[in-house]
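Enquirer: Have a look at the structure that comes next, please.
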Amino acid sequence: MENHEKTLTESISDAKMEFERLQALLSEKEAEMKREEILKKHTTPITFLEGRGRWTTRVNGKQKTLKSRKELEDWIVSQYSETATAKTLDDIAEAWFSIDEKRSTDRTLVKHRGWYERFLKNSPLFTKNIQDITIDDGYEWVSYCLSIYPNMTRKYCTNVRSILNGIMQYAIDKRLLTYNPIANMKLGKDVFCIPDKTREEDTVFSTVERTSVCKFSMNEAEATGEAKYYAIALLFELPLRDGELCALTWGNIIKDMKGNSKLVIERQLVTDCTSGKAKGYRIVNYGKTRAAYREITLSERAIQILDRVKFLNTQKGYPTTQSDFIFMRKYKGIVCGCTQRCFDPFLRKYCKEAGMLVIKSPHDVRRTVCTNLYLNGMPPKRIQKVMGHETLEQTLEYIRSTNDDLEDSQFFNLLNQAAPDNVIPMKTKVG
C-alpha cells in the first residue's frame, strides 16, 4: 500500500514538473513570437556602421548604437514592449500612469486613479480598437460618464478628460495614433449640471465680507489665545494655497538685501496617499506646480499678523524656532502643525457669522487676493509669479471682475482719448 501511494505521489510530482516545463516552453515561444512581431513593426533601418563596427537605429527619434545586432534588437524590444501589442486605450493606461506617478503628487495620483476606474476603464471607448476611435466615440463616452454621474459639471468633466487626453497623447507619442480624434469635441453648457456658484461674485469675497471674516478670525484668536485662528486673516494678505500655509515655518521668513521681509514658499502639506489610499498628511519639499517655489514680499499688515502669531504661540508654550511651523495646535495632547481640515471649518464658521448667503472656501480667498492685486494695478505677469502659476492663462482664470461699472462702449470710447503723439497719422492720397 505504501509503495502504491509512493508511486502515485511520484507520478503526480512528475506530471507537475512536466506541466511546468511545458508552461515555460510556451512562455518562451510567446516571448519569441512577441519579439518577432515587435522587430517586424520596427520600420527604421538597423544599420551596421563599418567604420566603427557597431549597429545603430532609432526609436521614437532616439538613436541607439550597440556592439552587436542582438543587443540592439533587445533594446528595440524593450522600447516597444509596452505598446507593441496594444490594441485599446486600456492596454496602455498603466504605462501612462507610470509616467503620471513621476510628475503628480500622491493626492493628485489617487484622484486620477479614481477617475480612471470610475469613468474610463470600463467604458466602451477604452475597449475599442485605438485605430477605430472617432469623435463620435468621444461624444458617446461623455454620455456614458453622465449615466454614471448625472450631476457632473463641465469642470469635473474637464478634469476627467485630462486623464483621457493624457493617455491619448501617450498613444500618439508611441505612434499608435497620429492625432487625438476626440480633441475637438464641442460640448454645450446645457450638457452638464450647472454648479452652485454660477456668478463671479460668488467665488470672491467683497470688501465688506473680507473685513467681517478677518475681524471674526482675529477676535477668536485673541479671545482663545490660539494663534491658529489668525491663519484666515493671513490668507487674505498673501497669494497662498492652503497646503503651503500649513507647511510654513518661521525659517521661511527672510530679509532681502533691501531689508524687506519676504516669505519663501518651498514646500506644502499634502494628503498622504503613498499606500494608495488617503491616510493622514505629510510635508513634501516641492510645490503643486513647477512655478510654486517663490518669494512673496510681506505687507505691513501681514508682518503685524505674524508678530502676533509668534507672541500667542510663545504664550501657549508652543516652540517658535526656525524649523517650527508658524501655525500650531494641540491634537490629542500633542503639539503639532495645522492641516487644511483645520482652516476650512474656521472659514465656513466666519462666513456664517458674517451673514454671507454663499459660504466660500480657502480657494475663494486665493481668488480674492489675485483679483485685488489685479484691481490695484499689479501687472498680470507679476501676479502669475506670486501666485505660483505655470501659465498666465491660469492666473487670468482666477481674476474676477466684480466691480466693472463701465459698459464696453465706454471702454472703447477711452481709446479716443489717446494723445495726438500716440496716434499713427493716416497717409493722405496725393492726387
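The values are calculated or read from the model by the stated rules, or taken from the named source; none is laboratory data. Note that the structure is predicted; figures quoted are calculated from it, not measured. Reconstructed Cβ throughout: ideal geometry from the backbone, glycine too, with neighbour counts over all protein chains shown.
Enquirer: Going by what's in this entry, would Glu222 be described as acidic (Asp, Glu), out of contact with any helix residue (DSSP H, G or I) (no Cβ under 9 Å at 6 or more places or on another chain) and more than 30 Å from Trp115 (Cα to Cα)?
Expert: no
Enquirer: Still on this model: Return yes or no: is Lys155 under 22 Å from Thr289 (Cβ atoms), loosely packed, with under 15 Cβ neighbours inside 10 Å and either charged (D, E, K, R) or in contact with a His (Cβ under 8 Å, 6 or more places away or on another chain) (or both)?
Expert: yes
Enquirer: Still on this structure, I have one more. Tell me, yes or no, whether the range 104-112 has at least one residue that is at pLDDT 90 or above and surrounded by 14 or more Cβ atoms within 10 Å (Cβ to Cβ).
Expert: yes
Enquirer: Can you confirm whether Thr289 is surrounded by 12 or more Cβ atoms within 10 Å (Cβ to Cβ), out of contact with any helix residue (DSSP H, G or I) (no Cβ under 8 Å at 6 or more places or on another chain), among the hydroxyl-bearing types (Ser, Thr, Tyr) and modelled with pLDDT of 95 or more? Spell out how you get there, then give the answer.
Expert: Details: surrounded by 12 or more Cβ atoms within 10 Å (Cβ to Cβ): yes; out of contact with any helix residue (DSSP H, G or I) (no Cβ under 8 Å at 6 or more places or on another chain): yes; among the hydroxyl-bearing types (Ser, Thr, Tyr): yes; modelled with pLDDT of 95 or more: no.
No, not satisfied.
Enquirer: Another one. Go through the range 211-251 residue by residue and tally those that are surrounded by fewer than 20 Cβ atoms within 10 Å (Cβ to Cβ) and in contact with a Phe, Trp or Tyr (Cβ under 7 Å, 6 or more places away or on another chain).
Expert: Counting residues in the range 211-251 that are surrounded by fewer than 20 Cβ atoms within 10 Å (Cβ to Cβ) and in contact with a Phe, Trp or Tyr (Cβ under 7 Å, 6 or more places away or on another chain) gives 3.
Enquirer: Right, another one. Considering Ile296, Ile265, which residue is touching a residue at least 40 places away in the same chain (Cβ under 8 Å) and out of contact with any Pro (no Cβ under 8 Å at 6 or more places or on another chain)?
Expert: One residue alone meets the criteria, Ile265.
Enquirer: Those residues that are aliphatic (A, V, I, L, M), outside any loop (DSSP other than H, G, I, E, B) and closer than 26 Å to Glu220 by Cβ, I need them from the range 284-313; list them, please.
Expert: Of the range 284-313, the ones aliphatic (A, V, I, L, M) are 284, 291-292, 296, 298, 302-303, 305-306, 309, 312.
Retained after the next criterion (residues that are outside any loop (DSSP other than H, G, I, E, B)): 284, 296, 302-303, 305-306, 309, 312.
Within the range 284-313, Ile296, Ala302, Ile303, Ile305, Leu306, Val309, Leu312 qualify.
Enquirer: Identify the residue in the range 160-210 that is surrounded by 13 or more Cβ atoms within 10 Å (Cβ to Cβ) and among the polar types (S, T, N, Q) and, among all such residues, is modelled with the lowest pLDDT.
Expert: Among those that are surrounded by 13 or more Cβ atoms within 10 Å (Cβ to Cβ) and among the polar types (S, T, N, Q), it is Thr203.
Yes/no per residue for (1) part of a loop (DSSP other than H, G, I, E, B); (2) modelled with pLDDT under 60:
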residue	(1), (2)
Lys381	no, no
Val386	no, no
Glu390	yes, no
Thr395	no, no
Arg400	yes, no
Asp404	yes, yes
Leu414	no, yes
Ile424	yes, yes
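Enquirer: Using beta carbons and a limit of 6 Å, which pairs, at least six apart or on different chains, have the first residue in the range 157-183 and touching a residue at least 60 places away in the same chain (Cβ under 8 Å) and under 19 Å from Lys102 (Cβ atoms) and the second one among the small types (Gly, Ala, Ser) and buried (at least 17 other Cβ atoms within 10 Å of the Cβ)?
Expert: If the second residue must be among the small types (Gly, Ala, Ser) and buried (at least 17 other Cβ atoms within 10 Å of the Cβ), the pairs left are Ile167/Ala93.
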